[in-house]
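These notes concern the structure reproduced below.
The values are calculated or read from the model by the stated rules, or taken from the named source; none is laboratory data. Predicted model only: the values in this text are computed from it and were never measured. Cβ: placed from backbone, ideal geometry, glycine included. Neighbour counts: every protein chain shown.
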């Protein structure tokens, strides 16, 4: 059993990481990783720690992943135009059919 985790994509909107890595290391990294430096902004964080730091964000994420409950299929009763035969009606039909078969040469 593992730890519930979430993969995050971070943005450096304030430019905090700009100039942090030397350009030659960035060029070498980009050769090995076609997505480029953006790939460095992905991390996997434990859900409980993320919940403690960003409760609103986690709540919105979990709510977006909820699936609506499935509707149960209900069968509609079909209304037949003819009333169902009673047991005696079926018996008389069976007797009549049997009599026809016996009387045929």
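Some notes on this structure:
- Qualifying residue in the stretch 85-93 (condition: surrounded by 10 or more Cβ atoms within 10 Å (Cβ to Cβ) and at pLDDT 75 or above): yes
- Any hit, the stretch 48-56, residues being more than 30 Å from residue 17 (Cα to Cα) and either in a helix (DSSP H, G or I) or modelled with pLDDT of 85 or more (or both): no
- Close contacts from the stretch 27-50, counting a first residue that is under 16 Å from residue 10 (Cα atoms) and a second that is at pLDDT below 90 and assigned to a helix (DSSP H, G or I), with Cβ to Cβ under 7 Å and a gap of 6+ residues or different chains, come to 36/30; 37/26; 37/29; 37/30.
- Failed criterion for residue 30 (all others in (1) at pLDDT below 80; (2) in contact with a helix residue (DSSP H, G or I) (Cβ under 9 Å, 6 or more places away or on another chain) hold): (1)
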